[in-house]
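Trainee: First the structure, which I've put down as structure tokens, then a few questions once you've had a look.
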Amino acid sequence: MRIDIISAVPSLLESPFNDSILKRAKEKKLVEIKIHNLRDYSTNKQKSIDDYAFGGGAGMVLSIEPFAKCINQLKENRNYDEVIFMTPDGEKLKQSDANQLSLNKNIIILCGHYKGIDQRIRDYLITKEISIGDYVLSGGELPAAVLCDAIIRLIPGVLNNETSALTDSFQDDLLAPPVYTRPAKFNDWEVPEILTSGNLKAIENWREEKAIENTKKRRPDLGENKK
Ligand code: ADE
């Protein structure tokens, strides 16, 4: 899979892709991530990427030309499944969206600034608008990193134990059951006895019960509890 990210602040995206699972995914060539500095696509001598808002008002607006130039250049070389704009008024990201997007071959992600991107980019250049939650961040870079993480960890071969992505919370509209590791007793706090019993069937049943219990208690809106 290839992901192209277009950003006015590309340095914000350096660290998320250079550590841990995402770094390994890149090294294993399971994903290729290209970050494009919007400024490199400026179409004027001043190398500007924004301008005053028509009609007045505070704040600068990111211009359509550099985004259009970058997207058009990318599209000359490959077909893109989606051109996604990260925005707090987009559709709220769910696990099922990440599952769907992880099946794509090529995607472009645009990072903007809330209230600060020419509306025509949204109207004519993108195929999807995604929010990572009902709160406003300073730009789309951190949301883009969140989206990429959610997608990339689902690509077969990225996680060591492939089944672990399938047993994540939300995959089946259930939250995950609790997990424990050694020591079995710390202070007076003991691990549930069943987990050290060696009875695999009983452990599986216990985990399922706990997942259902957790979901009913914390997220009654999910899955079969949904009305
Ligand atoms: N840009 C700023 N805030 C955002 C959010 N919550 N989701 C996606 N993009 C954003």
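The values are calculated or read from the model by the stated rules, or taken from the named source; none is laboratory data. None of the values given here were measured: they were computed from a predicted structure. Glycine also receives a Cβ, built like all others from the backbone with ideal geometry; neighbour counts cover every protein chain displayed. Accessible surface areas use protein heavy atoms only, side chains included; no ligands, DNA or RNA. Shrake-Rupley method; radii C 1.70, N 1.55, O 1.52, S 1.80 Å.
Trainee: Working only within the stretch 80-119, note down all residues that are among the acidic types (Asp, Glu) and surrounded by 15 or more Cβ atoms within 10 Å (Cβ to Cβ).
Mentor: Hits for the stretch 80-119 are ASP81, GLU82, ASP97, ASP118.
Trainee: Got at least one residue in the stretch 166-179 being free of Cβ contacts under 8 Å to residues at least 24 places away in the same chain, of a type outside the set (S, T, N, Q) and over 30 Å from GLY57 (Cβ atoms)?
Mentor: Yes.
Trainee: Looking at (1) away from the ligand (no atom under 16 Å from the Cβ); (2) among the aliphatic types (A, V, I, L, M); (3) open to solvent by 90 Å² or more (accessible area, probe 1.4 Å), find the lone condition where VAL158 falls short.
Mentor: (3)
Trainee: Moving on to the next point. For the stretch 179-227, enumerate the residues that are open to solvent by less than 70 Å² (accessible area, probe 1.4 Å) and among the charged types (D, E, K, R).
Mentor: LYS210
Trainee: Would you call SER102 within 13 Å of the chain's Cα centre (by Cα), more than 18 Å from ILE35 (Cα to Cα) and more than 14 Å from the ligand (Cβ to nearest atom)?
Mentor: yes
Trainee: Related question: Identify the single condition in (1) within 13 Å of the ligand (Cβ to nearest atom); (2) open to solvent by less than 30 Å² (accessible area, probe 1.4 Å); (3) part of a helix (DSSP H, G or I) that VAL146 does not satisfy, given that it satisfies every other one.
Mentor: Every condition holds for VAL146 apart from (2).
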